[in-house]
Amino acid sequence: MRHDVNPMPSFKFHQITNYFILILLALVFSYFYVFDWRFLLFGIGYFIGTEYITPDLDTNSIPYNKAKPVWWLYKELFKHRKTSHNLFIGVISRLSYLIILYALAMYTLRWIFGLPVFPAGLQAEFMQFAREFAVQIILFIGGIAVANAMHIVLDITYSKVKRWTK
Ligand SMILES: [Zn+2]
């Protein structure tokens with residue numbers, strides 16, 4: 001019999017837990033009178049952080065298989081349940097990875113079509129975007145980060161409970 005040192009909850013279990021927490025968060029948002037477009041943006045981030053950009057992109061998981069070509073290198077770079085499953089560095093590693101991919105794709109596309117490659121500089125372009133949409137970006141990324149944190153908390157709790165009840 002195979003003994004799993006770190007048993008993992010299924011994707012379905014992650015979905016159910018995350019969406020249950022999202023309902024509780026909706027109540028918190030209503031309490032603070034920000035149950036409007038702000039919750040919507042947070043909710044979209046949270047949804048993406050549950051379905052697509054999750055800590056399990058470091059392994060052959062359901063979210064990983066939804067966009068395999070995008071995350072292939074990420075999976076190769078990060079060992080399962082290490083960096084990607086870190087509460088703070090995890091989400092940062094995924095977002096930085098996507099930004100780098102985006103920058104590479106933009107460079108390539110603009111270069112192919114003979115367009116000026118980031119005339120104002122890549123950093124300047126990002127900074128301008130960040131300044132203009134600071135609140136929206138924080139809410140959206142906040143949604144991803146909270147959903148990812150819930151994933152990690154469930155992973156840890158699940159493994160602990162499984163080990164105790166063995
Ligand atoms: Zn996990």
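Structure notes:
- Where the Cα pairs of the stretch 11-159 fall when distances are cut into 5 Å bins, in %: 2, 9, 16, 19, 17, 15, 11, 6, 3, 1, 0
- Set of aspartates and glutamates near K160 by C-alpha distance (under 15 Å), chain-local residues within fewer than 8 positions excluded: D4
- Alpha-carbon centroid distance for the pair the stretch 24-98 / the stretch 145-166, whole angstrom: 16 Å
- Within straight-line cross-link reach of K162, lysines at Cα separation under 20 Å, skipping those fewer than 8 residues along the same chain: K12, K82
- Taking the alpha carbon gyration tensor of the stretch 106-155, multiplying each eigenvalue by 5 and rooting it gives semi-axes of 32, 16, 7 Å, largest first.
- Of all the options L98, L73, L41, the one that moves most in a Gaussian network model of the chain with Cα springs shorter than 10 angstrom is L73.
- Neighbour cut-off at most 13 other Cβ (10 Å), DSSP loop, chymotrypsin sites (Phe, Trp or Tyr not before Pro), the stretch 41-126: F88, F113
Coordinate-derived values only; no laboratory data. Since the structure is predicted, the reported quantities are computational estimates derived from the model, not experimental observations. Reconstructed Cβ throughout: ideal geometry from the backbone, glycine too, with neighbour counts over all protein chains shown.
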